[in-house]
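The values are calculated or read from the model by the stated rules, or taken from the named source; none is laboratory data. From a predicted model like this one, the values you see are computed outputs, not experimental measurements. Neighbour counts run over all protein chains shown; Cβ positions are idealised from the backbone, glycine included.
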Amino acid sequence: MRFVFLPGMDGTGILFEPITLLWPKEEPPPVVISYPSDRFLNYDELDAYVHPKLPTNEPYVLVAESFGGPLATRIAVEKPPLLRGLVLSATFARKPKGWIGTLGEFIVGPYLFHQPYFNVVGRWVMKEQGLSGWQIDFLLRAIGHDRPEILAARLREALEVDALADLKNCPVPVLCLYAQRDLLLSKRCHELIGEATPNVRMVGLDTPHFLLQAKPAEALHEIRMFAQFLGT
């Protein structure tokens, strides 16, 4: 079983390093699909961009983080023949609630992601989430790879999305990993995912929003356990 990772807001896939570095050597290495860094693509455009990069000769599981969740759900509902399961990590199906949803629509703009503003505010937000110094530095470096206007456009796209109908029609089993100490998304985000499809396994981890980065070993364990019950 191959695993295909779709990034969150950063779009680079760099943030998956903590979990991909732990991948068992005897298993096929995961595939990370990055988004273009030179232009903004909305969810429709990302769907068209990602689809040709999906495996065509082996079964796979889509693993999507944060911003990537609605994209993965959209892809799943199109029923790719080799898709066997969907892992949604610290994400949402409808316009996110919590800190992002409450303030985002009023303050969103490229300036949010300009240095040194983002370095100060982003560092404070991550520190409030309980992340360590090296984790914060790692996250800031990854997010800083894309231009501020692209990051702002992705945030606007997330604030307008509604993938609930797609999730209700998802044809494959779903694992929803949610952060129990998430200050960026409210618990209603993962509750909606749980309510939308009966074919879902809900697992909460004692982490901040950056779940795959804060506890990669625990997340990898849950993902591999989930994959064991999927057909090949």
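Scanning segment 142-178 for residues that are outside any loop (DSSP other than H, G, I, E, B), of a type in the set (G, A, S) and touching a residue at least 24 places away in the same chain (Cβ under 8 Å) returns A142, A152, A153, A158.
Scanning segment 28-57 for residues that are of a type in the set (A, V, I, L, M) and within 17 Å of the chain's Cα centre (by Cα) yields V31, V32, I33, L41, L46, V50, L54.
Of the residues G8, G13, only one is at positive phi and either touching a residue at least 12 places away in the same chain (Cβ under 8 Å) or buried (at least 22 other Cβ atoms within 10 Å of the Cβ) (or both); which? The conditions single out G13. Just so you know, in segment 179-232 the residues that are assigned to a strand (DSSP E or B) and over 16 Å from the mean Cα position of the chain (by Cα) include one that is surrounded by the fewest Cβ atoms within 10 Å (Cβ to Cβ), and it is R201.
Go through the residues of segment 79-96 one by one and say whether even a single one is in a helix (DSSP H, G or I), crowded, with 17+ Cβ neighbours inside 10 Å and either modelled with pLDDT of 85 or more or not polar (S, T, N, Q) (or both). Taking every residue of segment 79-96 in turn, none turns out to be in a helix (DSSP H, G or I), crowded, with 17+ Cβ neighbours inside 10 Å and either modelled with pLDDT of 85 or more or not polar (S, T, N, Q) (or both). Residues in segment 140-165 that are buried (at least 17 other Cβ atoms within 10 Å of the Cβ), acidic (D, E) and under 16 Å from the mean Cα position of the chain (by Cα): 1 in all.
A residue that is at pLDDT 95 or above and surrounded by fewer than 21 Cβ atoms within 10 Å (Cβ to Cβ) cannot be found anywhere in segment 104-123. Exactly one residue out of S66, S37 is at pLDDT below 95, out of contact with any strand residue (DSSP E or B) (no Cβ under 7 Å at 6 or more places or on another chain) and crowded, with 24+ Cβ neighbours inside 10 Å, and it is S66.
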